[in-house]
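Participant: Here it is, the structure, as structure tokens.
The values are calculated or read from the model by the stated rules, or taken from the named source; none is laboratory data. Keep in mind it's a predicted model, so treat the numbers as computed, not measured. Note that we place each Cβ from the backbone using ideal geometry, even for glycine, and neighbour counts take in every protein chain shown.
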Amino acid sequence: MTALNRSTRRRLQQLRQIPSVWEGDRRSLLPEFGVTSLDNPGRKANHCILWVDGTEGMVRAMDMVSGEVGHEAIVRTLLQAMEYPQGSALPARPQKIVVRDREIQFFLRGVLQELDITIEYAPELPIIDEIFEGLQSAVKPQPPQLPPEHEATILEATADIWQDAPWEVLDEEKIISVEITGADVGTLYVSILGMLGMEYGLLMYRSIDSLKQFRQRVLAAGDSPEGLEEAFLEQDCLFVTFEQDGNLRPDEESPAAAEFYAQAGVTPTFGNLHPLEGMRPILHEEEAITVLVALKALHRFFQKSLSRLEQEDFPSVSGNYRIPNPTHPDQKISVKVATLPNLADELSEMTIAAGFPDEDFPFGAPPLLNNHLVPSESFYSLGAMSWDVLELLRSSVKFYQEAGAEFPTDADGFPVILIQTSRPKAAELIEAIKTAGGLKAICFNPGEDPFSEERYDLGVLQTQDDELHLFGEFHENDSVHIQARKKWDQRCKKTKGYCGLIIARGLKGASSGNPQFNDMMALFETRCIAAQDLGLGELQLIPYLE
């Protein structure tokens, strides 16, 4: 058993001893109270240690620790209660300590020898019991995003929409109505997010007025984050969005959501927005059924008609569908899905009337960064290739774009961006770059989410037709990326700005994340340019559902 050292004992013996009884205990709390453990950032601290003065009825010290930490943590918190108590309490040593765990009692008896403190056992600790009951009742377990009985079916319908990828064809102004016969909601007005390549999803407005009002407030807010946030919270809609951040994994308690992430590489989120409710990241049963029916009808509409919507003028297209009733499978729900060209024109005119011509305002305008060149599920990384391997790759790869000039080889390797995807998609990517005239440059440009204030380092490919393509988003404060970016810059400096892009196959195979030499299908040698050369400035995420 670890004992207090002599100097600590002498220091504690000098504290004034007061005629009071302290209660001490350690208890596991609900997961909602868990915080990141300071002694181990990868571990949750959801055990609470509490020391209270039972005579005065006040908390003297409290600490949160991981469940794997030993009894020493109880002693540390007790010493804090003695020497550095919370609130207005003065440093002191109690006359008696009461605990409800025999093991803790014996441990404290051994550690606190020579301090003249009586340590007793009691099966109940009234004051601490009351405190913990208050803490546990203050927070109830977070209900699931979706009703459990409908979760699997909704996720299946959501996966179909993800595969349809309507944002590759439709922008936010191209509204589609979904009229559900017999439902309280009546008609939903669906706006597609994702053409800007930043966030994918569907906003299902309950009325045209809500949609127009949001549009007007966004236009009036301009670049004001406060105005945009206010407009965001005033929406009246149901939503489905797809989070692409690798840190946002689904809860382990939902196997269906975990399976969705494993297959699609994105996490679906669901919720409700209403001016009087704000944002609620939960769908109750009636809302979930409405969303499910709408998703199924939209999928059938996209399967048949999405290719017809690619033309520049938004055409008038509709379809009628019979969707199985989620609560009564033997019954059918009639749903009509239709495009709304007149509303799309009205929204476009609203944008122009607000003083935002197409080239200045992102709604409906071509995105600054295209997000369709590099497959969304690709693996990408910054690194270097040895000069010997580079020479071999130049002669063996299926497609090779030469740098067009000699450059120094003094760096410890040739700086390269690696993009790994499936063989068919790698071939399509290579062909798309060749069709654009080849690769002109690689760049990293700053980006920001104005709501969360998170900053990003955006990886950009510039093709010879001067189109800009996003290949990756890196958190600016990610220590791994910071080091990789630092080495990248150092190597590019030594090569006079020359670098390379490697496209590899094998994303689903044994070499996933670590392609072998034979997996590499193309090498594009090009230049790395500064963000200032692109002239984009800091890009901001359009904050609809952040």
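Participant: Run down Ala426, Ala441, Ala432, Ala411 and say which single residue is hydrophobic (A, V, I, L, M, F, W, C), part of a loop (DSSP other than H, G, I, E, B) and in contact (Cβ under 8 Å) with a residue 40 or more places away in the chain. First the steps, then the outcome.
Facilitator: Values: Ala426 fails: part of a loop (DSSP other than H, G, I, E, B); Ala441 fails: part of a loop (DSSP other than H, G, I, E, B); Ala432 fails: part of a loop (DSSP other than H, G, I, E, B).
Going through Ala426, Ala441, Ala432, Ala411 in turn, the sole match is Ala411.
Participant: Would you confirm, using the coordinates I've provided, whether Glu226 is modelled with pLDDT under 90 and out of contact with any helix residue (DSSP H, G or I) (no Cβ under 9 Å at 6 or more places or on another chain)?
Facilitator: On the way: modelled with pLDDT under 90: yes; out of contact with any helix residue (DSSP H, G or I) (no Cβ under 9 Å at 6 or more places or on another chain): yes.
Spelling it out, Glu226 is indeed modelled with pLDDT under 90 and out of contact with any helix residue (DSSP H, G or I) (no Cβ under 9 Å at 6 or more places or on another chain).
Participant: Is it the case that Glu179 is surrounded by fewer than 20 Cβ atoms within 10 Å (Cβ to Cβ), assigned by TED's automatic domain parsing to the domain that holds Val317 and not small (Gly, Ala, Ser)?
Facilitator: In short, yes.
Participant: Which of the residues that make up region 487-506 are part of a helix (DSSP H, G or I) and either farther than 26 Å from Gly404 by Cα or under 22 Å from the mean Cα position of the chain (by Cα) (or both)?
Facilitator: Across region 487-506, there are no qualifying residues.
Participant: Name the residue, out of Glu114, Glu83, that is modelled with pLDDT of 90 or more, surrounded by fewer than 19 Cβ atoms within 10 Å (Cβ to Cβ) and either closer than 19 Å to Asn5 by Cα or not basic (Lys, Arg) (or both). Quick ask: steps written out before the conclusion?
Facilitator: Numbers: Glu114 fails: modelled with pLDDT of 90 or more.
Just one listed residue meets the conditions, Glu83.
Participant: While we're on this one: Provide a single number: the residues in region 109-131 that are over 17 Å from Met62 (Cβ atoms) and either in contact with a His (Cβ under 8 Å, 6 or more places away or on another chain) or of a type outside the set (A, V, I, L, M, F, W, C) (or both). Let's see the steps before the verdict.
Facilitator: Restricting attention to region 109-131, the residues satisfying the condition of being over 17 Å from Met62 (Cβ atoms) are 109-124, 126.
Keeping just the survivors that are either in contact with a His (Cβ under 8 Å, 6 or more places away or on another chain) or of a type outside the set (A, V, I, L, M, F, W, C) (or both) gives 109-110, 113-114, 116, 118, 120-121, 123-124, 126.
Counting residues in region 109-131 that are over 17 Å from Met62 (Cβ atoms) and either in contact with a His (Cβ under 8 Å, 6 or more places away or on another chain) or of a type outside the set (A, V, I, L, M, F, W, C) (or both) gives 11.
Participant: Right, another one. Answer yes if at least one residue in region 430-438 is on the phi > 0 side of the Ramachandran plot and assigned by TED's automatic domain parsing to the domain that holds Arg505, and no otherwise. I'd like the intermediate steps shown before the answer.
Facilitator: Narrowing region 430-438 to residues on the phi > 0 side of the Ramachandran plot: 437-438.
Cutting the leftovers down to assigned by TED's automatic domain parsing to the domain that holds Arg505 gives us 437-438.
Yes: one or more hits.
Participant: Kindly indicate whether Met198 is in the same structural domain as Thr241 (by TED's automatic domain parsing), in a loop (DSSP other than H, G, I, E, B) and either crowded, with 19+ Cβ neighbours inside 10 Å or modelled with pLDDT of 90 or more (or both). Walk me through how you get there before you give the answer.
Facilitator: On the way: in the same structural domain as Thr241 (by TED's automatic domain parsing): yes; in a loop (DSSP other than H, G, I, E, B): yes; either crowded, with 19+ Cβ neighbours inside 10 Å or modelled with pLDDT of 90 or more (or both): yes.
Criteria met by Met198.
Participant: Give region 325-352 a look and list any residue that's within 14 Å of Tyr189 (Cα to Cα) and polar (S, T, N, Q), or say none. Walk me through it before giving the result.
Facilitator: Step one: filter region 325-352 for residues within 14 Å of Tyr189 (Cα to Cα), giving 335-344, 347.
Listed by number, the residues that qualify are Thr339, Asn342.
Participant: Further question: Report, by residue number, each residue of region 83-100 that is under 22 Å from Pro126 (Cβ atoms) and without any contact (Cβ under 8 Å) to a residue 40 or more places away in the chain. Can you show your working first?
Facilitator: So the first thing to find is which residues in region 83-100 are under 22 Å from Pro126 (Cβ atoms), and the list is 85-87, 89, 92, 94-100.
If the condition is that a residue be under 22 Å from Pro126 (Cβ atoms) and without any contact (Cβ under 8 Å) to a residue 40 or more places away in the chain, then Pro85, Gln86, Gly87, Ala89 are the ones that fit.
Participant: Go through region 121-145 and give me each residue that's within 21 Å of the chain's Cα centre (by Cα) and modelled with pLDDT of 90 or more. First the steps, then the outcome.
Facilitator: Filtering region 121-145 for residues within 21 Å of the chain's Cα centre (by Cα) gives 142-145.
Matches in region 121-145: none.
Participant: Starting from residues that are more than 18 Å from Asp160 (Cβ to Cβ) and without any contact (Cβ under 8 Å) to a residue 24 or more places away in the chain, keep the ones in region 254-312 and report whichever is nearest to the chain's Cα centre (by Cα). Before the answer, list the steps.
Facilitator: First, pick out the residues of region 254-312 that are more than 18 Å from Asp160 (Cβ to Cβ): 254-255, 258, 271-282, 284-287, 308, 310-312.
Subsequent filtering for residues that are without any contact (Cβ under 8 Å) to a residue 24 or more places away in the chain retains 255, 258, 276-277, 280, 308, 311-312.
Details: Pro255: 19, Ala258: 14, Leu276: 26, Glu277: 23, Arg280: 17, Arg308: 33, Gln311: 33, Glu312: 33 Å.
Across region 254-312, the extreme among qualifying residues is Ala258.
Participant: Quick check on region 16-30: of everything there that is in contact with a helix residue (DSSP H, G or I) (Cβ under 7 Å, 6 or more places away or on another chain) and either more than 21 Å from Glu120 (Cα to Cα) or surrounded by fewer than 15 Cβ atoms within 10 Å (Cβ to Cβ) (or both), which residue is modelled with the lowest pLDDT?
Facilitator: Out of the qualifying residues, it is Leu30.
Participant: Condition first: farther than 15 Å from Asn371 by Cβ, more than 28 Å from the chain's Cα centre (by Cα) and in a strand (DSSP E or B). Now tell me which residues in region 444-466 satisfy that. Before you say what the answer is, go through the steps one by one.
Facilitator: Here is the first cut: in region 444-466, the ones farther than 15 Å from Asn371 by Cβ are 444, 446, 448-455, 457, 464-466.
Those left that are additionally more than 28 Å from the chain's Cα centre (by Cα): 464-466.
Selection gives nothing.
Participant: Next up: Take the residues in region 476-504 that are aliphatic (A, V, I, L, M) and either modelled with pLDDT of 90 or more or under 19 Å from Asn445 (Cβ atoms) (or both), then tell me which one is surrounded by the fewest Cβ atoms within 10 Å (Cβ to Cβ).
Facilitator: Step one: of region 476-504, the residues aliphatic (A, V, I, L, M) are 480, 482, 484, 501-504.
Subset that is either modelled with pLDDT of 90 or more or under 19 Å from Asn445 (Cβ atoms) (or both): 482, 484, 501-504.
Values: Ile482: 14, Ala484: 16, Leu501: 21, Ile502: 23, Ile503: 27, Ala504: 24.
Filtering first and then ranking leaves Ile482.
Participant: Go through (1) free of Cβ contacts under 8 Å to residues at least 40 places away in the same chain; (2) in contact with a Phe, Trp or Tyr (Cβ under 7 Å, 6 or more places away or on another chain) for Asp465 and report which single condition fails.
Facilitator: Status for Asp465: all satisfied but (2).
Participant: Only one of Val75, Val65, Val69 is among the aliphatic types (A, V, I, L, M), more than 30 Å from Val291 (Cα to Cα), surrounded by 19 or more Cβ atoms within 10 Å (Cβ to Cβ) and at pLDDT 90 or above. Can you tell me which? Outline the logic, then answer.
Facilitator: On the way: Val65 fails: at pLDDT 90 or above; Val69 fails: at pLDDT 90 or above.
Result: Val75 is the single residue among Val75, Val65, Val69 that is among the aliphatic types (A, V, I, L, M), more than 30 Å from Val291 (Cα to Cα), surrounded by 19 or more Cβ atoms within 10 Å (Cβ to Cβ) and at pLDDT 90 or above.
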